[in-house]
Amino acid sequence: MPDLRRTRKHIKTALAVLLGVDIVALVVFFSPLVGSSDSRRQELNQLSTELRSKTLQVAPLTDLPKKVTTANRQIADFYKKRFPTQDSQIAAQFGKLAAANGITIEQAKYKEEEAELGRLQPVEVEADLSGSYVSLAKFINALERDDTLFIISSITLGGEQTGPIKLQMKLETYLKAGTS
């Protein structure tokens, strides 16, 4: 025959444990640690706003591998388009721009400097030019807009009352290292 006293004792113990769990649940529910429903709602809104903010901050990082591939292709195109492989290309482009703008090159000196391994090789150009003021201005503008990278470091104007204006110009450009 089953022992009812022992079963009654187990049931009383189980009810006491459940009563204890209920009391703990009530304490947690009404505790200031958890806060009111308004404070929880306010915290939820704040966290939602923070989530949107963080999502906007990381948005530029989406498709990062694709962007890196595109950037590498653009860099390769930049180097191919803007930096000549032979020093004669620099002189040819400089002369072509001068002729297209009605400028006379009286003298031009090209000085190649040492390049670091795998880097661009700087080329310094000193030129004495002559032409009208308008054609010199157009020539300088054409140099700055040309696909070949020309960086003008100094310009000295000179001239006489009559005749063409003299212009001394120093500029630098670059060659792909190890290709001249």
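Remarks
- Contact annotation: residue pairs with Cβ atoms under 8 Å, 6 or more positions apart or on different chains, pairing a residue in segment 4-29 that is assigned by TED's automatic domain parsing to the domain that holds Arg40 with a partner that is not charged (D, E, K, R), are Val28/Val34.
- Filter result for Glu106 (more than 20 Å from Tyr174 (Cβ to Cβ), in the same structural domain as Pro164 (by TED's automatic domain parsing), in contact with a Leu (Cβ under 9 Å, 6 or more places away or on another chain) and among the charged types (D, E, K, R)): yes
- In the condition set (1) exposed (fewer than 10 other Cβ atoms within 10 Å of the Cβ); (2) β-branched (Val, Ile, Thr); (3) touching an Asp or Glu at 6+ places or on another chain (Cβ under 9 Å), Ile105 is compliant with all but (1).
- Among the residues of segment 138-150, those identified as surrounded by 13 or more Cβ atoms within 10 Å (Cβ to Cβ) and free of Cβ contacts under 8 Å to residues at least 60 places away in the same chain are Lys138, Phe139, Ile140, Ala142, Leu143, Asp146, Phe150.
- The set of residues in segment 62-102 being of a type in the set (Asp, Glu) and under 16 Å from Glu144 (Cα atoms) is empty.
- Test: residue in segment 111-128 that is free of Cβ contacts under 8 Å to residues at least 60 places away in the same chain and farther than 22 Å from Glu172 by Cβ: no
- If you go through segment 134-157 and keep only what is closer than 23 Å to Phe83 by Cα and β-branched (Val, Ile, Thr), you end up with Ile140, Thr148, Ile151, Ile152, Ile155.
- Matching residues in segment 101-126 - criterion: being within 35 Å of the chain's Cα centre (by Cα) and among the hydrophobic types (A, V, I, L, M, F, W, C): Ala115, Leu117, Leu120, Val123, Val125
- Total residues in segment 74-110, condition of a type outside the set (Lys, Arg), more than 19 Å from Ile165 (Cα to Cα) and touching a residue at least 24 places away in the same chain (Cβ under 8 Å): 9
The values are calculated or read from the model by the stated rules, or taken from the named source; none is laboratory data. Nothing here was measured: the structure is a model prediction, and the numbers come from that model. Positions of Cβ are backbone-derived with ideal geometry, glycine not excepted, and every protein chain shown enters the neighbour counts.
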